[in-house]
Every structure is written in C-alpha cells, then in structure tokens.
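The structure appears below as structure tokens.
The numbers here are math on the coordinates, done by the rules we state, and not lab data. The shown structure was predicted, so the numbers you read here are calculated from the model rather than taken from an experiment. Every residue, glycine among them, receives a Cβ derived from its backbone with ideal geometry; neighbour counts consider all protein chains shown.
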Amino acid sequence: MKKHWSPRYIINRTKNYLFEKNNPHLPWVNREAINIFENLLNKKDVGVEFGSGRSTIWFSKKVKHLTSIEDDKNWYSKIKGKLEEKRLENVSFLFKESNNSNPNDSDYCKSIDSFEDQSLDFVIIDGNHRDIFALKSLKKIKKGGFIYLDDANRYYPFKTTSPYSIGEDLSKINDSWKIFISEVNDWRKIITKDGVSDGIFFIKN
C-alpha cells in the first residue's frame, strides 16, 4: 500500500469518489473550488481552459465564451463528440500538438500567445506544461480576473496533506514556477483543498 493511504486519506478519497459519481456534470476539481467558480464566473466572462473534459461543458454554461485547448488527440476526439451533442455555440475547442522535448516551441504552448494582453477574465490550467501556461497567463489576465491552477499541490509550494505534494519545499520547483511565485506575490490567493487534490485561484489585483 502506498504510504499516503492513511485512514484520513481513505475517508477523503471515498468522499471525493462519491461526490464525483453523484455529480457527473461537474468539473473534476474539488468541491470548494466549484463553489468559488460559481461565485467568480459570470455571463460576461471570456476565458481559456488548458486541458478539457466535462469541465468544458460546465464552464461554457457559466460564461460568455470559452476557448478550450487540448493536446491529447484521442481525448480531444472524445470531448469534441460530447460538445457537438450539446451544440454549444460559445465554445472554441482546439487541438494543438504538444512537444515534450521542446514544449515552448509547440503549437500547444504557443496557443495562448494569440490572445491579447489583459483580454481574459480567467485562465484555467489543467493540462500539460502548467508552468509555461502559468507564466504566459500573467499578462493575459484582466485586472480582477483570475488564474486557476488545478492539482496545485504538485506544482506550487504550500502546506497541505494531499498526496504527491511538494509541500513548502522551494527546492522542488523549477525556475519558471519561482518566477511565477514572485509575479503573483501581491495577488489575492484562494487555496482549495479536499485531502486528495488541491487548487489555487490567483486573483489579479
């Protein structure tokens, strides 16, 4: 048994499983994050999601326009079919090739460059190369807008009991994350936790 399978984790994992099973229409983020999304998003918002899923349909119903960008071809085809069934007119769903050996040069990571600076109300980062998107998103967000980092416990240093976390150890993050931390130092931050996976909202002042 993996060392993080403590009694507390098993309880949290069971609660998480039951919540997701009973709410198949909700995004794969923790419950606290969903509540915050409900309060932050509105029908005037325009934003981008990196990494698609059932969240794509849910977010589209909350905002004016959503661009969702995916780099997994098989997953893209699956989600595209679901979106076509819903006939959503406010979603631009794009497939962009990713290059793990040189991600900065990939169409996937360069896709955010097409958006004007300070043009987005939100950016949701839930896919590959999160450090690159976190940095690039900084200048794309409007004042009062936000960046949401899913599974933040794996990338951003803070105290948490969720597994696969880097904790508060700055030595475990790369230079891109260190720059990001410095840039969002005075942004408002909301950390959401459920003992399984954490998320952080970075709200631009």
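Centre-to-centre, using Cα atoms only, region 64-93 and region 1-54 are separated by 19 Å. For a label point 7 Å from the Cα of Asn42 along Cα→C-beta, name the residues of region 62-84 whose backbone N is under 16 Å from it. In region 62-84, the label zone of Asn42 (backbone N under 16 Å from the point 7 Å along Cα→Cβ) covers 62-65. Projecting label points 7 angstrom from Cα along Cα→Cβ for Lys172 and Asn90 puts them 3.8 nm apart. Placing unit charges on the Cβ atoms of the charged side chains and taking the dipole of region 42-90 about its Cα centre, the candidate lying farthest along the positive direction among Asn42, Leu83, Ser52 is Asn42.
In plain terms, the chain from Asn100 to Lys142 could stretch by 12.2 nm, reckoned as 0.36 nm per residue minus the Cα-Cα distance. When the GluC sites (Glu not before Pro) in region 45-101 are filtered for DSSP coil states and for at most 15 other beta-carbon atoms within 10 Å of their beta-carbon, the remaining sites are Glu89, Glu97. Considering only chymotrypsin sites (Phe, Trp or Tyr not before Pro) in DSSP loops that have at most 12 other Cβ atoms within 10 Å, the longest stretch of the chain without any of them is 6-163.
With the Cα gyration tensor of region 136-205 giving a ≥ b ≥ c as the square roots of its eigenvalues, does the rule (a/c under 1.5 for rounded; else a/b larger than b/c for prolate; else oblate) give rounded, prolate or oblate? Oblate. Between the residues Tyr156, Tyr17, Ile124, the greatest Cα displacement towards the positive end of the dipole of the chain, with unit charges on the Cβ of Lys, Arg, Asp and Glu, is found for Tyr17. Net charge in the neighbourhood of Lys96 (other residues with Cβ under 9 Å of its Cβ; Lys, Arg +1, Asp, Glu -1) is -3.
Over the chain, Cα pairs under 8 Å with separation of 6+ residues give a relative contact order of 19 percent.
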